[in-house]
Amino acid sequence: RALRQRELDVALAGAVDMNGDVRSLLATDAVRPYSRAGCARPFDSGADGAIPGEGAACVVLKRLADAERDGDRIYSVIRGVGTARANAPGGNAPTAAAYEQALKRAYSEAGAAPSTVGLLESHGSGSPDEDAAEARALTTFFGDPKGSMACAISSAKADVGHTGVACGLVSLVKASLCLHNAVIPGLRNFRKPRHELAGSSRGGLPHVTRHWVRNRAEGPRRAGVSAMGAEGGCVHVVLDAHHATRAVVGH
């Protein structure tokens, strides 16, 4: 927002979480148990929880015109952001309704239709309650009447574990790299979909990584990135691939 209002010209957005302290792990496990199998399986019918991870990420944010002028390497373009918070009685866990509200706000701001999204980098923790709420929201917003997803679903938490407060930015970095390299990543550890996503086992929940094929006449590759907080907050960001019209240099 500050960049759009020209209150500043460049920003660093970073997050780090070193949650390996045994006391922190035990406290988290008491509230939302980690996987007893030691394997995160987002949206899998056999998922039994997340696995702990540690991580750090940082991105450089600039106005698109400034980044193009300066010859920066642009990994993705932020088109819209939506946030919402659950108001469920008896707890603050994220709900499908709050998640869907965040989606609506993000795509309204982006001026983009859900059907134009090719990759959904989900919260995808592998915790059954979170996966259930997220799956319901995704099928309502992105799915067809049969529950089939037109876009592929991915989750960084299956790759690096749940990195706590850094997980949203880790997902943003992953989606940006997928856009930059035109890759649809496979969903690690996935075997059988939850019943909410039963119609999406082939296209929506890819087993293997593949090239992201897209007709340029349909516009840029587009991805959505979601994050859910333990306090009930939901955030979604709409990203576009950047198509340079000239050679780009820099970092």
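Laboratory data are not the source of any read-out in this text; all were calculated from the coordinates shown. Predicted model, so just to flag it, every value in this text is computed and none were measured. Every residue, glycine as well, gets a Cβ built from its backbone with ideal geometry; the counts of neighbours run over all protein chains shown.
One table, with the values for the structure above:
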| read-out | value |
| --- | --- |
| In order through the stretch 214-224: 3J(HN,Hα) via Karplus (6.51 cos²θ - 1.76 cosθ + 1.60), integer Hz, x for Gly, Pro | 8, 6, 4, 5, 8, x, x, 4, 9, 9, x |
| Three principal axis lengths of the stretch 106-173 [C-alpha, angstrom, descending] | 32, 26, 16 |
| Translational diffusion coefficient (Stokes-Einstein; Kirkwood radius from C-alpha pairs) of the chain at 20 °C, 1.002 mPa s, in µm²/s | 116 µm²/s |
| Within-13-Å neighbourhood charge of VAL225 [Cβ basis; K, R +1; D, E -1] | +1 |
| 5 angstrom amide H check on HIS123, placed H, neighbours 5+ away | SER226 |
| By average C-beta atoms within 10 angstrom, highest first, the peptides 223-233, 121-131 | 121-131, 223-233 |
| Mean-position separation - Cα centroids, the stretch 81-140 and the stretch 209-230, in angstrom | 16 Å |
| Neighbour net charge for ASN19 - beta-carbon separation under 14 angstrom, K R +1, D E -1 | -1 |
| Kirkwood-based Rg to Rh ratio, the stretch 11-68, C-alpha trace | 1.20 |
